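Student: Below: one structure in structure tokens.
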Amino acid sequence: MSVLKNRSTLRWLVPLAAAVTVVGGGAAIGTFAANAEPALPPRSAAQLLVDLQTARLDGLSGTVVQRADLGLPSLVGLAGGDAALLTGTHTLRVWYSGLDRQRVALLDTLGERDVIRSGRDVWTWDSKANTATHRTLPESTDRAAESTLPVTPQEAAERALAAVDPSTLVTTGRSATVAGRDAYELVLTPRDEASLVHQVRIAIDATEHVPLRFEVLADGADQPAFEVAFTQVDYRRPDADQFTFNPPPGVKVTEATGDLPASKAGADPKSGTGSKAGAAQRPDAGDDAGLRTVGTGWTTVLVARTDAARTPAGGTAKPGSDDAADAAQALELLNGLPKVSGDWGSGRLFTGKLFSVLITDDGRVLAGAVTPERLYQAARG
């Protein structure tokens, strides 16, 4: 199976509810430390791209560490789900044995969350909540839910490579050793100065041609703002027992039916339609949820309209509820953002290392891995 032509590879089955904080802090510090460069035969950027497109992967297991330093406030955690992965260091275990046998386990000091697929059976398990959900997939489906954030180097590489076009300079970097494997490095550099991404670096297994490490460097920085890498990898097909789940005694089991929920409705895992990178290729594209894009490639801006009835000021949350508390925190965060204005209107601006968000007073939200000036330009339209 081509590891890049099929978008289900190593990404599958990570619904937003499973993307939680896992073993972090000092446990993973230093795992991305550089080793001496291995001596590898020269390969051009074009050859490395071909390697990625033609690689085959029948099975894999390993440990993945993700680290994010995006300059976000601590209140980002109130969003839950994938937002927990926007800061700090996290570790997960992955197993892959074809399209119909896949598993990811996310662990923290208080419990474990697993998503397991075996054939048409999909289990999600939360040890802390002592709950499990069983879902039976329709026949002849290999679609899996996309997480907002990539949880493996493979997934991150697919999204980045989908944005390769004339706006991208593709070169080779230094060879490296990742998870004990010799690796080449492919470097993607946006040509548009409005992009906040300085470089994307993908370490590729010299033998198996599978992405082992993925790094994003922000403009003006020499350390990655986001990175996800294998710290241990095994290309043997995992034992079938890894994909069998028997609910522990006392676990509350909920039965569900139908296909997996996808974070991008209608996404085709093979064509890339509905993915972030795919949307970047369609200027001014839109969807049924009212979200549209402006521009292409690295400087794509997402534009959405907010629903006043759902905003913190809308007052839909019941007083004293958790939703009300979260809404109050969100409103406090929003009011703390700097005010900005121009010929496009007025609003508030949030900037991180890799992205900017403009919330206009007329109810629009514009976001992208771009400078604020690019957001203002999009807001004028």
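The values are calculated or read from the model by the stated rules, or taken from the named source; none is laboratory data. Keep in mind the model is a prediction, meaning the values are calculated, not measured. Every residue, glycine among them, receives a Cβ derived from its backbone with ideal geometry; neighbour counts consider all protein chains shown. Please note that ligands, DNA and RNA were not included when accessible areas were found on the heavy atoms of the full protein model with its side chains. Shrake-Rupley method; radii C 1.70, N 1.55, O 1.52, S 1.80 Å.
Student: So in the stretch 216-251, with the set limited to residues that are among the small types (Gly, Ala, Ser) and under 20 Å from Val64 (Cβ atoms), which one is modelled with the lowest pLDDT? Can you show your working first?
Tutor: Residues of the stretch 216-251 among the small types (Gly, Ala, Ser): 218, 220-221, 225, 229, 240, 250.
Of the ones still in play, those that are also under 20 Å from Val64 (Cβ atoms) are 225, 229.
Details: Ala225: 90, Ala229: 94.
Selected residue: Ala225.
Student: Oh, and also: Go through the stretch 45-77 and report how many residues are at pLDDT 80 or above, surrounded by 13 or more Cβ atoms within 10 Å (Cβ to Cβ) and of a type in the set (Gly, Ala, Ser).
Tutor: Within the stretch 45-77, residues that are at pLDDT 80 or above, surrounded by 13 or more Cβ atoms within 10 Å (Cβ to Cβ) and of a type in the set (Gly, Ala, Ser) number 6.
Student: Let me ask you something else. Exactly one of (1) at pLDDT 80 or above; (2) of a type in the set (A, V, I, L, M, F, W, C); (3) in a loop (DSSP other than H, G, I, E, B) is unmet by Val94. Its number?
Tutor: (3)
Student: In the stretch 186-196, which residues are within 13 Å of Ala45 (Cα to Cα) and buried (at least 20 other Cβ atoms within 10 Å of the Cβ)? Show your work before the answer.
Tutor: Let us first name the residues in the stretch 186-196 that are within 13 Å of Ala45 (Cα to Cα), namely 186-189.
If the condition is that a residue be within 13 Å of Ala45 (Cα to Cα) and buried (at least 20 other Cβ atoms within 10 Å of the Cβ), then Leu186, Leu188 are the ones that fit.
For (1) closer than 27 Å to Pro190 by Cα; (2) under 28 Å from the mean Cα position of the chain (by Cα), each residue gets a yes or a no:
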| residue | (1), (2) |
| --- | --- |
| Pro338 | no, yes |
| Trp344 | yes, no |
| Gly352 | yes, yes |
| Phe355 | yes, yes |
| Leu358 | yes, yes |
| Asp362 | no, no |
| Ala369 | yes, yes |
| Pro372 | yes, yes |
| Arg380 | yes, no |
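Student: Taking the stretch 197-219 only, how many residues are open to solvent by 30 Å² or more (accessible area, probe 1.4 Å), more than 12 Å from Gln154 (Cα to Cα) and outside any strand (DSSP E or B)?
Tutor: 3
Student: Is at least one residue of the stretch 323-339 part of a strand (DSSP E or B), open to solvent by 30 Å² or more (accessible area, probe 1.4 Å), within 25 Å of Ala218 (Cβ to Cβ) and modelled with pLDDT of 90 or more?
Tutor: Taking the stretch 323-339 as the starting set, the residues that turn out to be part of a strand (DSSP E or B) are 339.
Imposing the further condition that a residue be open to solvent by 30 Å² or more (accessible area, probe 1.4 Å) reduces the set to 339.
If we keep only those that are within 25 Å of Ala218 (Cβ to Cβ) as well, we get 339.
Next, only the ones that are modelled with pLDDT of 90 or more stay: 339.
Yes; the residues of the stretch 323-339 include at least one that is part of a strand (DSSP E or B), open to solvent by 30 Å² or more (accessible area, probe 1.4 Å), within 25 Å of Ala218 (Cβ to Cβ) and modelled with pLDDT of 90 or more.
Student: Still on this model: Return the total of residues in the stretch 340-381 being part of a helix (DSSP H, G or I) and of a type in the set (Ser, Thr, Tyr). Spell out how you get there, then give the answer.
Tutor: The first filter runs over the stretch 340-381 and keeps only residues part of a helix (DSSP H, G or I), leaving 372-380.
Within this subset, residues satisfying the condition of being of a type in the set (Ser, Thr, Tyr) are 376.
So the answer is 1.
Student: Run down Gly272, Gly290 and say which single residue is at pLDDT below 90 and either closer than 21 Å to Arg103 by Cβ or over 16 Å from the mean Cα position of the chain (by Cα) (or both).
Tutor: Values: Gly272 fails: either closer than 21 Å to Arg103 by Cβ or over 16 Å from the mean Cα position of the chain (by Cα) (or both).
The match here is Gly290.
Student: Find the residue count for the stretch 97-142, including only residues that are part of a loop (DSSP other than H, G, I, E, B) and within 22 Å of the chain's Cα centre (by Cα).
Tutor: 5
Student: Restricting attention to the stretch 220-236, which residues are under 20 Å from the mean Cα position of the chain (by Cα), assigned to a loop (DSSP other than H, G, I, E, B) and not aliphatic (A, V, I, L, M)?
Tutor: Result: Gln223, Pro224.
Student: Of everything in the stretch 157-182, what is assigned to a loop (DSSP other than H, G, I, E, B), closer than 19 Å to Glu208 by Cβ and hydroxyl-bearing (Ser, Thr, Tyr)? Give them in sequence order.
Tutor: Ser175
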